[in-house]
Amino acid sequence: MATQAESATLDHQHHGDGVRRRDFLNVAAVSFAGVGGVIAIAPLIVQMSPSADVLAMASIEVDISKVVPGQGIKVAWRKQPVFVRNLMPKEIAEANAVDISSLRDPQTLAQRTKPGKQNWLITMGVCTHLGCVPLGISEGENRGPYGGYFCPCHGSMYDTAARIRQGPAPLNLQVPDYSFKSPTVVQIG
Amino acid sequence: MSFSWAKPYEPKSALARWMDDRMPLPRLVYGAIGGGYPVPRNLNYFWNFGVLAGIFLTIQIVTGIVLAMHFMASADGGAFNTVNQLIMRDVNAGWLLRYAHMNGASFFFIVTYIHIFRGLYYGSYKAPRELVWMLGLVIYLLMMATAFMGYVLPWGQMSYWGAQVITGFFSAFPLVGEPIRVWLLGGYAPDQATVTRFFSLHYLLPFVIFGVVILHIWALHIPGSSNPTGVDVKNERDTLPFHPFYTAKDGWFAGAFLTLFVIVTYFAPDYLGHPDNYIPANPLSTPAHIVPEWYFWPFYAILKSFTVNFVLPAKLWGVLAMFSSILLLFLLPWLDTSPVRSGNYRPIFKRFFWLLVIDVALLGWAGGFAPTPMRVAVGQAATIYYFLHFLVILPIVGRIETPLPLPDSISSSVLHGEDAESAPAAIASKRPPRAKTVTAAN
């Protein structure tokens, strides 16, 4: 310490113009170490994002030929449940009868399904409140007063277009990216 | 740092002197928890819970380290099976270690809650102990994170869905929320990446807690402990050396309290847990009723109390309120405007303190059981009152209340003039005669 202080004093005396070489060296050294330190943190942060094997599971194909109107199946996609439901004409009519402006998350059934396939309601089986799996996809489960899904955790109720109608959830059940590979095969993801 | 009459460390043997010159650890211990640390003589049993919390932290670290020798952090049945088959049935004494660790967590929270409410009643958070209080809150937050991640590790249904719900808090924040959630989980739902990282952090955080505990005690030892009268220590007659007086009292009380812990661990080990956690995690089926462990119930009630969108979505309000309910406590030293520390001398504050205790109990009840309209309403009322207590009632009470007369000193409040007779002979003989001290103090 003492020698450092001495040399700093000497340095100061030699360069009376106020800008010292040591100041520049200090700033440069600290900035270099600082930027390097920040960059070194990057791998520690990104290692926590989904790894390649998790991302590789990103798309699946589902055979829907066995799902008759009124039935639904639950399939796993990205380790999360997806509800594939074949709506009955009555349920489609119920969904279309709702005044869109009265909804918390206004969307029509047509916006939530593929053109010409309005009976195939494909949504995530993940409540938009805190991520529980709502009931109602399997036969005999409580579908709630709106005939869609009912989340047992905090009582969110979804209608036959899987739109939020009552309870704490802020949004409709999310519609994943999917496409019809053939009339009976859906690719999700 | 300490009071002027604190006994200095005197190495007694040649080895102790040799050590003291080179690495004076015995000196540090003597001054921190030995005969060299003077403590108010009037502490009641509520002052034992800090030491008890330290004991439970130690129990958790020791049982946790040995459990980790048998645990496998695998989401494909490995975590569930190593806990419920290997450790609970096959490992020698594994059931005992696991039950001790499980109930140790609950008891750690029991003693910590008593410790916190002790601080709330006796005003231990007031100057000059604000940092002691805030470091304590940091410990509490770290404890919650550690306990949550530990609960996920057995990978039962409650583990899985607890992880889903709690990481779901983050998705309440617009735009950044969902990416943060995915980043925390390492996937789109809790899975292998989640259980491995939670195990890593669950092993790390207790040692971080240990470090902050050292800071907590360090900050405490600058002004020294508060006491039930809240009156500052004035002279040597107000204090006793930590050792042997408080080591003995802490030791006896730890024995008594650990007996309770052992009784629960042996005879009702699952009483504080949830049976659904003995079902392996199933991402496709939610339990009918997800609840966190009992020590989170009041916060869970606050979360659930927001059911109506108002400018922001209800879910975001719930999450913000839940986080603020704890962050608010960091401001407590400045929200409570009364200069009097102890609730014993604050007639109005005392009533509100007990209302707060009832309020938190009601929140726990509202948060721990399935939401019925009545429970939600009670939870909402209790949530409002919780915030009212800290933000409105405390600042006002401090201004309008007339406190009761405070005792002149700690010793006069407990000794009524007979201190010469009541003090142990060894202490009494070393102390200057009473009259002299009083003159000096005056």
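Determine, yes or no, whether B:V208 is surrounded by fewer than 19 Cβ atoms within 10 Å (Cβ to Cβ), in contact with a Leu (Cβ under 9 Å, 6 or more places away or on another chain), in a helix (DSSP H, G or I) and modelled with pLDDT of 95 or more.
Working: surrounded by fewer than 19 Cβ atoms within 10 Å (Cβ to Cβ): yes; in contact with a Leu (Cβ under 9 Å, 6 or more places away or on another chain): yes; in a helix (DSSP H, G or I): yes; modelled with pLDDT of 95 or more: yes.
When the stated conditions are applied, B:V208 passes them.
Listed here are the residues, each with its yes/no results for (1) charged (D, E, K, R); (2) at pLDDT below 95; (3) over 21 Å from B:L272 (Cα atoms).
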{"position": "B:P347", "(1), (2), (3)": "no, no, yes"}
{"position": "B:I358", "(1), (2), (3)": "no, no, no"}
{"position": "B:L363", "(1), (2), (3)": "no, no, no"}
{"position": "B:L388", "(1), (2), (3)": "no, no, yes"}
{"position": "B:V392", "(1), (2), (3)": "no, no, yes"}
{"position": "B:G398", "(1), (2), (3)": "no, yes, yes"}
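Given the options B:L135, B:L142, name the one that is crowded, with 19+ Cβ neighbours inside 10 Å, of a type in the set (A, V, I, L, M) and more than 14 Å from chain A (Cβ to nearest Cβ).
Answer to the check: B:L135.
What about A:I137, is it within 29 Å of A:D53 (Cβ to Cβ), at pLDDT 85 or above and within 24 Å of the chain's Cα centre (by Cα)?
Spelling it out, A:I137 is indeed within 29 Å of A:D53 (Cβ to Cβ), at pLDDT 85 or above and within 24 Å of the chain's Cα centre (by Cα).
Can you find a residue that is within 14 Å of another protein chain (Cβ to nearest Cβ), under 26 Å from the mean Cα position of the chain (by Cα) and not charged (D, E, K, R) anywhere in segment B:335-350?
no
Looking at segment B:324-371 only, could you name the residues that are closer than 20 Å to B:W294 by Cα and part of a loop (DSSP other than H, G, I, E, B)?
Correct list: B:F369, B:A370, B:P371.
Tally the residues that are closer than 17 Å to B:L388 by Cβ, of a type outside the set (A, V, I, L, M, F, W, C) and either surrounded by fewer than 23 Cβ atoms within 10 Å (Cβ to Cβ) or away from chain A (no Cβ under 13 Å) (or both), restricting the search to segment B:285-331.
Residues that pass the stated criteria total 3.
Any residue in segment B:218-230 that is in a helix (DSSP H, G or I) and β-branched (V, I, T)?
No, segment B:218-230 contains no residue that is in a helix (DSSP H, G or I) and β-branched (V, I, T).
Count, please, the residues in segment A:144-175 that happen to be surrounded by fewer than 21 Cβ atoms within 10 Å (Cβ to Cβ) and under 16 Å from A:G72 (Cα atoms).
Final tally of qualifying residues: 2.
What do you reckon, is A:A29 in a helix (DSSP H, G or I), within 14 Å of chain B (Cβ to nearest Cβ), more than 30 Å from A:L135 (Cα to Cα) and without any contact (Cβ under 8 Å) to a residue 60 or more places away in the chain?
Values: in a helix (DSSP H, G or I): yes; within 14 Å of chain B (Cβ to nearest Cβ): no; more than 30 Å from A:L135 (Cα to Cα): yes; without any contact (Cβ under 8 Å) to a residue 60 or more places away in the chain: yes.
For A:A29, the condition - in a helix (DSSP H, G or I), within 14 Å of chain B (Cβ to nearest Cβ), more than 30 Å from A:L135 (Cα to Cα) and without any contact (Cβ under 8 Å) to a residue 60 or more places away in the chain - is not met.
If you go through segment B:268-275 one residue at a time, do you hit one that is part of a helix (DSSP H, G or I) and either in contact with a Ser or Thr (Cβ under 7 Å, 6 or more places away or on another chain) or within 10 Å of chain A (Cβ to nearest Cβ) (or both)?
No, segment B:268-275 contains no residue that is part of a helix (DSSP H, G or I) and either in contact with a Ser or Thr (Cβ under 7 Å, 6 or more places away or on another chain) or within 10 Å of chain A (Cβ to nearest Cβ) (or both).
Filter segment A:70-129 down to the residues that are at the interface with chain B (Cβ under 10 Å from one of its Cβ atoms), over 11 Å from A:A162 (Cβ atoms) and not hydrophobic (A, V, I, L, M, F, W, C) and list them by number.
A:K74, A:R78, A:K79, A:Q80, A:P81, A:R104, A:H129
Give the residue, chosen from B:L135, B:L131, B:L142, B:L120, that is over 30 Å from B:D270 (Cβ atoms), at pLDDT 95 or above and in contact with a Leu (Cβ under 6 Å, 6 or more places away or on another chain).
B:L135
Go through segment A:67-154 and tell me which strands (runs of 3 or more DSSP E), entirely inside it, have 2 or more residues that are within 24 Å of B:V291 (Cβ to Cβ) and in contact (Cβ under 8 Å) with a residue 24 or more places away in the chain.
Ranges flagged: A:80-86.
Residue check, B:R181 against (1) away from chain A (no Cβ under 14 Å); (2) of a type outside the set (S, T, Y); (3) without any contact (Cβ under 8 Å) to a residue 60 or more places away in the chain, all met but one. Which one?
(1)
The values are calculated or read from the model by the stated rules, or taken from the named source; none is laboratory data. As the structure is a computational prediction, the values presented were derived from the model and not from experiment. Every residue, glycine among them, receives a Cβ derived from its backbone with ideal geometry; neighbour counts consider all protein chains shown.
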